[in-house]
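Participant: What follows is a single structure, and I will ask about it in a moment.
Nothing in this text is a laboratory measurement; each read-out follows from the coordinates by a stated rule. If you're wondering where the values come from, they're calculated on a predicted model, not measured in any experiment. We place every Cβ from the backbone using ideal geometry, glycine too, and count neighbours over all the protein chains shown.
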Amino acid sequence: MRGELPAGLSLQLLKELVRHVPIAFAALDRELRCVAHSESWLVVHGDSPAQGLLGRRLDEAYPEVSDAWRGICRRCLEGSTERQAMDAFERADGSHTHLRWQVAPWSEADGAIGGVVIYAENVSEQVETRRRLGEHESLVRDFFAQSPLGLNLCRMDGLWLQSNDAFLRIIGYTREEADRELTYWQLTPRRYDAEEVIQLEALRTTRRYGPYNKEFIRKDGSLVPVRLHGFLIERDGESFIWSLIEDMTEQRALERRLEEEQLKAIQSSKLAMLGEMAAGIAHEINNPLAAIDLYAYSLRAALDAGDTSHVDEVIANIRASVARAGRIVQGLRRFGRTTEGEAFARLSIDSVLEDAVQLCEPRLSTSGVRLTRGPICPAIVLGSGIELSQVLINLLNNAHDAVAATADPWVHLEALVHDDGFVTVSVEDSGPPLSASEADRIFRPFFTTKKVGQGTGLGLSISRSIVDRHGGTLSLEVGAAHPRFVVRLPRAAK
Amino acid sequence: MSGQVVYIDDEELLCRSFAWILKSSGIAAKTFTDPHEALPFIRDHEIAIVLCDFRMPRMNALDLLQQIDKELPFYVVSGDLDISRFVEGQPRVRGVIPKPFAIEAMLATVTTHVSASRGSR
């Protein structure tokens with residue numbers, strides 16, 4: 001450097017100033033030899049060159065320096081200033097550093113260009129941050145676009161602002177037809193009005209709503225079952241609703257199929273039960289048939305002998321026998337009928353119990369099992385009479401099978417009304433109490449304590465599913481002296 | 001005097017019509033709806049034949065037969081489809097009369113035993 005330094009500024013001080021400038025800085029002379037540099041330069045440019053930088057030519061210190069850089073320096077020595085906001089440099093180790101740099105000429109006191117000064121700033125971190133932000137943004141964008149779950153942003157008045165493809169598929173509209181054109185309310189059947197009020201209230205008080213099962217009206221007019229979840233978001237002081245929409249079509253179809261299967265299982269278990277009871281029922285029908293036969297025969301004999309004195313009595317007896325057989329067949333027919341799709345009706349629990357007893361009593365008495373009754377309180381429940389009879393028949397048959405071969409067997413029935421709005425029907429038998437592990441397993445499908453061929457092991461699990469369908473519970477009381485099955489059902493509102 | 005015909009069935013109507021039929025064939029029959037009441041009668045009388053319903057409350061035909069300690073023609077009457085399962089291998093059960101009855105066959109059985117008891121005297 002030539003010329004005068006300003007007063008008070010020594011060359012030593014100047015060197016210190018340069019050395020401590022907090023940015024990467026190097027001054028080169030016309031031969032591109034380094035005359036001064038900041039320590040930051042070494043930080044930015046990585047490891048310092050082996051023999052230092054000061055006094056050496058740039059391309060000596062950094063053999064990897066490119067021709068492009070030599071060109072830049074040459075142009076700057078001719079008076080131009082060059083800069084770049086972000087420039088990737090490959091380092092000797094193959095890694096990349098992003099630099100923001102500027103090269104400008106510096107002038108001697110006489111105005112001649114003495115060399116160039118280079119400023120450089122490592123912006124790799126900013127570049128990385130920006131890259132990550134971009135990645136994140138595209139991730140969110142992809143998630144929105146590709147999500148199999150319908151996603152939708154809507155204004156508080158219901159106008160749809162933005163929908164993803166999944167949502168458009170659910171409602172059957174194109175993006176042009178939906179976004180900023182359709183409102184939530186246009187696609188909502190009116191019968192959901194009351195439920196909508198509840199969901200909006202939830203949104204207002206908890207800032208979220210759902211899960212909410214409803215239907216949307218598709219473009220073609222069909223209804224699609226959906227489940228919605230959503231939450232409130234604020235953007236620039238305005239509120240919006242983000243909704244997640246699941247298409248429940250398959251789910252609903254699956255549920256329907258499951259229910260159909262369940263009903264079929266109930267039906268086939270009932271038929272299996274009828275099979276088990278057939279012997280007892282046949283006995284019960286054969287008795288009146290035998291009586292009719294005897295009466296008819298004796299009537300013939302009496303008429304042949306010219307005796308008509310007993311005709312009326314005999315005919316009355318025949319008709320009473322027919323009525324008795326008829327009642328049994330009636331009960332069977334009622335019980336055997338399919339219940340699929342049958343709506344729940346108001347039933348008196350004591351009559352349901354009597355229906356079941358009527359079909360089971362022959363079998364019990366045939367095996368010498370005493371049937372005793374405790375209090376049978378009349379109570380009204382909502383349900384299928386056939387299905388509930390099936391449960392009680394199942395319990396009675398199980399009780400029969402458990403004790404038929406024991407000494408002095410009995411089965412005890414009770415129906416009690418409770419203050420909590422429930423009615424319980426209990427079937428207790430004279431058998432020994434079940435072990436805790438049996439009690440635990442007894443409601444599982446295919447669990448049976450009976451001999452092979454005596455039961456399917458499905459009765460109790462199906463009975464439990466029937467009672468569940470009626471909003472009640474079927475349980476086994478443990479710890480009592482005898483096994484006691486309790487059907488608990490909600491009483492119907494008056 | 002021939003032996004007694006005894007019919008035991010918890011069905012009152014069956015007892016009555018059975019007795020009536022036998023009466024029209026000239027045979028007197030003693031009927032019981034409670035097997036416990038039949039026991040002393042059987043013990044104290046000459047018996048031509050016992051016809052007993054299989055299923056009765058508290059006691060079935062085989063239980064009753066066990067309590068009868070003399071030899072006599074004992075027939076089980078039953079509406080059970082699988083009654084033979086219960087009486088198979090019971091040497092003291094002479095036969096099964098199914099309900100509903102084959103009345104002529106039943107009457108023939110009764111008549112045979114009544115004549116036999118008459119002849120044996």
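Participant: Take B:70, B:30, A:15 and order them by how many other Cβ atoms sit within 10 Å, fewest up front.
Facilitator: With the sparsest Cβ surroundings first, the list reads B:70, A:15, B:30.
Participant: Report, in order of residue number, the helices in chain B meeting two criteria: a C-alpha extent of 24 Å or more along the helix axis, and a mean Kyte-Doolittle hydropathy of at least 0.0; treat each whole DSSP H run as one helix.
Facilitator: Taking the DSSP H segments of chain B (at least 24 Å long, mean hydropathy at least 0.0), we get B:103-120.
Participant: Using 7 Å Cα-to-Cβ label points, what is the residue A:156/residue A:316 separation (nm, one decimal)?
Facilitator: 8.4
Participant: Can you work out the PRE-style zone for residue A:469? Point 7 Å along Cα to Cβ, and I want the residues of the stretch A:247-278 with backbone N under 14 Å.
Facilitator: A:256-271
Participant: For residue A:264 and residue A:215 in the same chain, what is the full-extension length gain: residue separation times 0.36 nm, less their Cα-Cα distance, in nm?
Facilitator: Gain on stretching residue A:264 to residue A:215: 14.8 nm.
Participant: I need to check one value: relative contact order of chain B, counting alpha carbon pairs closer than 8 Å and at least 6 residues apart, in percent. Before the final figure, lay out each step's value.
Facilitator: On the way: 180 pairs, mean separation 33.2, N = 121.
Once normalised by length, the contact order is 27 percent.
Participant: Run through the DSSP bridge list for the protein assembly as shown and note the antiparallel percent, rounded to the nearest 5.
Facilitator: The answer is about 75 percent antiparallel.
Participant: Once both labels are modelled 7 Å past Cα along the beta-carbon direction, what's the residue B:46-residue A:236 spacing in nm?
Facilitator: Here the modelled spin labels are 12.2 nm apart.
Participant: Here's another thing I want to ask about it. Can you give me the relative contact order of the stretch A:343-494 as a percent, contacts being Cα pairs under 8 Å and 6 or more apart?
Facilitator: Numbers: 278 pairs, mean separation 36.7, N = 152.
Once divided by the residue count of the stretch A:343-494, the mean separation gives 24 percent.
Participant: Between residue A:420 and residue A:404, what is the label-to-label distance in nm when each label sits 7 Å out along the Cα-to-Cβ direction?
Facilitator: That separation, rounded to one decimal, is 3.6 nm.
Participant: Quick one: give the max-minus-min coordinate of the C-alpha atoms of the stretch A:213-301 along each principal axis, largest first, in Å.
Facilitator: Computed over the stretch A:213-301, the largest-to-smallest principal extents equal 105, 27, 20 Å.
Participant: Could you work out, residue by residue across A:364-373, how many beta carbons of other chains sit within 10 Å of that residue's beta carbon, and then give the average as an integer?
Facilitator: Shielding by partners across A:364-373 averages 2.
Participant: Relative contact order for chain A using alpha-carbon pairs under 8 Å, separation at least 6, rounded to a whole percent?
Facilitator: Details: 775 pairs, mean separation 35.7, N = 494.
Once normalised by length, the contact order is 7 percent.
Participant: Sticking with this structure for a sec: Would you list A:86, A:277, B:59 from fewest to most Cβ contacts within 10 Å?
Facilitator: A:86, B:59, A:277
Participant: Using DSSP H assignments, which helices in chain A have an axial alpha-carbon span of 30 Å or above and a mean Kyte-Doolittle hydropathy of -0.5 or higher?
Facilitator: Flagged H segments are A:249-304, A:311-336.
Participant: When A:467, B:50, A:127 are ordered from fewest to most other Cβ atoms inside 10 Å of their Cβ, what list results?
Facilitator: Ascending Cβ contact count within 10 Å gives the list A:127, A:467, B:50.
Participant: Compute the whole-percent fraction of alpha carbon pairs in the protein assembly as shown spaced more than 48 Å apart.
Facilitator: That fraction is 54 percent.
Participant: Tell me, what are the semi-axes, in whole angstrom and largest first, of the equivalent ellipsoid of the stretch B:8-121 as set by the roots of 5 times the Cα gyration tensor eigenvalues?
Facilitator: With the √(5λ) rule applied to the stretch B:8-121, the semi-axes are 19, 17, 15 Å.
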